[in-house]
1. So which residues in the range A:379-394 are touching a residue at least 40 places away in the same chain (Cβ under 8 Å) and under 14 Å from A:Lys263 (Cα atoms), if there are any at all?
2. Out of all the residues in the range C:261-281, is one or more assigned to a helix (DSSP H, G or I) and more than 11 Å from chain A (Cβ to nearest Cβ)?
3. Suppose we filter B:Phe66, B:Phe37 for residues that are facing another protein chain (nearest Cβ under 7 Å), assigned to a helix (DSSP H, G or I) and either basic (Lys, Arg) or surrounded by 14 or more Cβ atoms within 10 Å (Cβ to Cβ) (or both); which single one remains?
4. Those residues that are free of Cβ contacts under 8 Å to residues at least 60 places away in the same chain, small (Gly, Ala, Ser) and more than 10 Å from chain A (Cβ to nearest Cβ), I need them from the range C:448-500; list them, please.
5. From the residues in the range C:89-148 that are closer than 22 Å to C:Val330 by Cα, away from chain B (no Cβ under 14 Å) and of a type in the set (Phe, Trp, Tyr), which one is surrounded by the fewest Cβ atoms within 10 Å (Cβ to Cβ)?
6. Say we look at the range C:509-521 and pick out the residues that are among the aliphatic types (A, V, I, L, M) and surrounded by 15 or more Cβ atoms within 10 Å (Cβ to Cβ); which of these is farthest from A:Gly72 (Cα to Cα)?
7. If we keep just the residues of the range B:40-61 that are part of a loop (DSSP other than H, G, I, E, B) and of a type outside the set (A, V, I, L, M, F, W, C), which is farthest from the other protein chains (Cβ to nearest Cβ)?
8. Quick one: in the range C:294-320, of everything that is more than 16 Å from C:Asp419 (Cβ to Cβ) and among the aliphatic types (A, V, I, L, M), which residue is surrounded by the most Cβ atoms within 10 Å (Cβ to Cβ)?
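The values are calculated or read from the model by the stated rules, or taken from the named source; none is laboratory data. Keep in mind that this is a model prediction, so the values were computed, not measured. Heads up, the Cβs are rebuilt from the backbone with ideal geometry, glycines too, and the neighbour counts pull from every protein chain shown.
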Amino acid sequence: MKDLKHLIYFENLLQEANNDLVKQAKAEGKRAIGYTCYFMPEVLLDLPGCFSARLRAPRCTSPDIATYYLSGRVCHYARSLMERALEGGYNFLDAQMATETCTATCRFQEHLQQKHLDSVEDMRIIDNDDFFCEFTDIPFKNNENSYQHFETQLRAHVLEPLHEHFGIDISDDAIRQAVEEHNEVCRLINEIGDYRKLDNPTITGYEFHVIQLVSLVCPKYLILPYLRETAEEMKTREPDTRKNFRCKVVLAGSENDDPDFTKLIEGCGALVVCDRFCYGAVESRVPIVLEEGKSPLRCIAEHYLKTSNCPRFMPQDEMRARKKRLADLAKEYNADGVIIASNKFCEYWSYERVIDTFILQRDFGLPVCSIEKEYINSASGQLRTRFQAFVESVEIKHIQEGK
Amino acid sequence: MCKKLGKFLLKFLAIFVAANAVLFVVFFFDLDGKLLFNVVEPFLKDHYDKMERKDTLKSPYDIDKFPKYKYD
Amino acid sequence: MAKDIKKALRDFWYGKPHTAEEGGRRLGELYEDKTGLLKHREWRGVKDTFYYMYMIWGYNYVHMVTDILKFSNNPIDFVKGTWRYRWMGQTYLPVMHWFERGLQGMRGEALAASAWHYRAMVSASIHQICNFFNADTRLHGGKQNDAYKHTIYANETTCGTLFYPFMDDGYQYLPIEMIPYFVTCHVNSHTVLNYIDAVQSIGLPGDPCPMCQAESGIFVLDDVPDYAPAVITCNEACDASVSTSTLQDWFADKPLFALPIPMQFDDPLVKKYCMNEIEEMWKFIEEQTGAKFSWESMVKRLERQNKLQRDEWEKWEVAAKTNYYPINGVAQALFRIFSTQYGIQTSCWEEASEKVKKIMYKCVEKKINPFPQTRHRVIAWSCAPLYFSNWCTWAYNCWGLNTIINMDSLMFDMEIRTDSYENMLEDVVQYHMWAPMRRMAVGGMHHIFELWDYMERFNCDMVAMYDQLQCKGMQGVHGLFEDEFRKRNIKAFWMPHALPDCRTVSRAEIRRQINDYMTTVMHEEPLDPSLLDFDDSMTW
């Protein structure tokens, strides 16, 4: 396939959290608001006057000082973020909208917070006088009580602090405007992503992963022109005449902002056609519907609780339904199997991976490759062996089924 | 009569003292612990190890078996 | 010669003295190699030896039987349950050895008072075990009997208080894992290893919290009684606990209600949310069991619970301000966490508390110091190694480290108002959010750094910092604690462990860490050098 025009530019944007577009937005007077988790609605951080930056720590392989603070026994992602923060890599942030949605990232964000307590000295990791870190309590369920609670929390801990600290307009009109922009990003990403559903897809999982990531880490209004152009380019993009993959897979699991991991899988012959992991597009790029009779904030609160497939969600029907949703995704994207990858020390996904591995194979007939990985995949040799074996097993299954 | 009662009391006392002496030996030399550690636990462990158990991985996992427990 | 005879007589009458300088008792030499069994029990002097033999060892053996007769609908079920469940057979029998480990070297009031805490825990455990077996369909040919229909099945970390409203109607709350997992780890640490291995055998990595691993493993090994129609799960205490529910749901396959506790519990905005969730849970219980919410039932038990809390404050006051508190570190910690978690379902807590208070006030009046060899008053922080909860006893005997209070005890530190439904609910929510392992562990790291306040309040000069290697929350504040210890010049030693799994960090390794600290940092000599190093790798 012909190279995408902006792919190298996108790849470069992913080299640093403080990338060119972030710098440009800052220079234009916008406030940079960091976050880590899907449960922090990025759309609220993209209100006029500020922009969201989902935190990554690309190329962080040796988080030594962070390991002193968080120990070597919490996930590499949290430690990498901490290390990058300690290195000054997030000094561009004006605020961190924090969530206690997983322990490791929570602890990282607590280190960023200026607590002004006698009991523990603040570290002032983010060298920015304006910086503040605010926590929001995120529900574990998606019932009416949770919607109300989440709405209240978002108002008190996201909107009001943004307004108080930076004078951000948090009116319903401003939220509607942000939703509109957000939905355009969603539409474009989905349009680009839908090419993965083709029999011979015209976009690779790696390319899509890069595009999805830039939409998370760059100011929306600055990345949108590039996304529009890429979506246009995709309309005429021709696939290679000979399929250069041996099977198609859904990649599911925990935090993953490493496109090289997708590249590694694809290098073994499995085309990643669907990305249902933290930082993936399956949930985060579902457009937000603003319903009549409900405030935009209420709609946003409902949206994020209804769309999440996070194993943190506890209701029985949710726990069970998300297995089926994963199987449905495999069907929708014509995938031959599922790779479930959990980050080492990620407790949510360690368990979810176990149960998915059994249920998807047993009850839905889907081949599953279950792996544990690091944030930065230094053990690529071992993983490559696992993926190659998986691809072969899928091929053998196809032969046995006479496909 | 008195002699009989005295004999009974002596016998009772002897049994009482002997029982307490045995109890003391068991207590002091941790004989209960030794019996449990060396005999009872290995026997029970062996029993539990050999016990036929349900293969829980074959348990059903019906997606729609239970309703949403919501009381809004 | 005469001196020797005099000393021998004194040792016989009073027991050998504690310290090496006084020709001490050398407790480490009592152990058989590896097994931790005793060559013979310690001679504590005439009075204490026979008190121990009759009033602790004999008394508890007898009451283990009478409690079964008291709480069991049919004692045959108890035998059947012992034969059916590994956690039962392997754990129940060595109970007196658990006492021995916790009470080693104790004398007089410390021996008596600490043993009453143990006695209450044993009684409450038998209460639970009997209730399991009364209701378990597996022991009754698959029949769902009346006991089954009157039992509520919940995660052990869901606080028992929430189920008080249904108890007047004969309903009871039985935590799923408290007996199969939590108690077993203390009494016989071998049992739990089967469960940890079982869940890892189906693909779970070894790094999640081993408590949660074990709690899932019980289900994997099909070792959970089937004793209630519906399940309540809870997000307490951590990410792994939430995830454990997914496996438990699969294997239990029963109607399940998820009861979330807000994470940011200092935020006043979360209270209403939490109240609603608790009320929803009560509706679920009513729907699933037919039980009816009873305000009287709630109040009655809350008042008893409040009384128990006030008793505890009374005891803490003495512990904090005097040297007359007769409870050792392990008896303090376990009694408190066990009683608050299981709640007022038996009267054993109140009975034990009264007895202990009586002994305590005797110590205060007569100025008896039950721990006369105390060199340092220690506060134990974070979560303790379950397989070596008796480390406090060892540390006192070996080094004179007297553990006055611990973090777990300070969790549910409040009374609950009973003057109106609204006030009650508001307080229950707070109580629920201060559940074990949460009060300090989540909701902002300032909670965990309350350590300094408690250190001062309890007049402690040293910190035993538990280092649960697989607890992500505690690992995540490791560096800041190091910084603060240094900055404040606080004497603190780290105790690495893996909660229930004695294979990750052995007891000997924990002791070595403390020994190293005491010799290299504190430059102190052990009180009883025989306890420095011994091999108990195979012990219960």
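1. A:Ser380, A:Leu383, A:Arg384, A:Phe387, A:Gln388 - these are the residues of the range A:379-394 that are touching a residue at least 40 places away in the same chain (Cβ under 8 Å) and under 14 Å from A:Lys263 (Cα atoms).
2. Checked against the condition, which is being assigned to a helix (DSSP H, G or I) and more than 11 Å from chain A (Cβ to nearest Cβ), the range C:261-281 yields at least one hit.
3. B:Phe37
4. The one that is free of Cβ contacts under 8 Å to residues at least 60 places away in the same chain, small (Gly, Ala, Ser) and more than 10 Å from chain A (Cβ to nearest Cβ): C:Ala492.
5. C:Tyr118
6. Going through the qualifying residues, I end up with C:Met518.
7. Selected residue: B:Glu52.
8. C:Ala319
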